[in-house]
Amino acid sequence: MSAETHLTGGCFCGAVRYEAAGAPRSLCYCHCESCRRAAGSPAVAWGTFDRNAFRVTQGTLAEFRSSAPVTRGFCAACGSCLTYRHEARPGEIDVTLATLDEAARLAPQMHVWVADKLPWVRIEDGLPQFAATALPRAEPKH
Ligand SMILES: [Zn+2]
Ligand SMILES: [Zn+2]
């Protein structure tokens, strides 16, 4: 994708819409318990954008703090899980890949927090798996 890539997305009910410029990085499935509970799903697919490249274009992102350094954004009307921010990564925001309008084009490239994975989830896609974060950063991703 080019630097001019402009992605849009939104929640299930349409109350919250967002756009993001540039290509997302670190496309992954996160199997951590926090993501599972936040989304009500066995894993959550995320992509990372520069925070200043992301903006809500309609409605309001409801937020809650899922752990001391982590704020998760969602739609207060329908509950769609939309964003993730970690205080240790102030310049970035993670967005749920499944809420992008062009979700089919952006496939996760790895599995993270596999140590938390539910035993009945079978990973058979050949993608790299990491027990915790895959990122070369001091802080945990989720
Ligand atoms: Zn909604
Ligand atoms: Zn997670």
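Going by a ≥ b ≥ c, the root eigenvalues of the Cα gyration tensor, does the stretch 71-121 fall in the rounded group (a/c under 1.5), the prolate group (a/b larger than b/c) or the oblate group? Rounded, because the longest to shortest axis ratio a/c is under 1.5.
Does the chain come out rounded, prolate or oblate by the C-alpha gyration tensor, with a ≥ b ≥ c the root eigenvalues, rounded set by a/c under 1.5 and, if not, prolate when a/b is larger than b/c and oblate if not? Here the chain falls in the rounded category. Given R0 = 22 Å, the distance between the Cβ atoms of Asp125 and Ser41 translates into a calculated FRET efficiency of 0.85.
Rounded if a/c is under 1.5, else prolate if a/b beats b/c, else oblate: with a ≥ b ≥ c from the C-alpha gyration tensor eigenvalues square-rooted, which is the stretch 13-85? Since a/c reaches 1.5 but b/c is at least a/b, the shape of the stretch 13-85 is classed as oblate. Each label was represented as a point 7 Å from its Cα along the Cα-to-Cβ direction; for Asp101 and Cys78 these points are 1.4 nm apart. Just want to confirm a number: the relative contact order over the stretch 34-140, from Cα pairs under 8 angstrom separated by 6+ residues, in percent. With pairs under 8 Å counted, the relative contact order is 22 percent. Were the residues from Thr5 through Thr71 laid out at 0.36 nm apart, the gain over their Cα-Cα distance would be 21.2 nm. Given a 1.4 Å probe and the protein chains as shown, Tyr18 ends up with an accessible area of around 0 Å². Do any GluC sites (Glu not before Pro) in the stretch 62-142 lie in a DSSP loop with no more than 13 other beta carbon atoms within 10 Å, and if so, which? In loop regions of the stretch 62-142 (DSSP not H, G, I, E or B), the sparsely surrounded GluC sites (Glu not before Pro) are Glu87, Glu102, Glu124.
For the chain, the 222 nm mean residue ellipticity estimated from helices alone, with every DSSP H stretch of n ≥ 4 adding -39500 (n - 2.57) and the total spread over all residues, rounds to -1000 deg cm²/dmol. Summing Cβ point charges (Lys, Arg +1; Asp, Glu -1) relative to the Cα centre of the stretch 1-115 gives a dipole of roughly 240 debye. Solvent-accessible area of the stretch 36-142 (1.4 angstrom probe, protein heavy atoms only): carbon and sulfur portion equals 53 percent.
The values are calculated or read from the model by the stated rules, or taken from the named source; none is laboratory data. Just so we're clear, the structure is a prediction, and the values are computed from it rather than from any experiment. Because the Cβ atoms are built from the backbone with ideal geometry, glycine has one as well, and the counts that use them run over all protein chains shown. Surface areas here come from the heavy atoms of the whole protein model, side chains and all, with no ligands, DNA or RNA. Shrake-Rupley method; radii C 1.70, N 1.55, O 1.52, S 1.80 Å.
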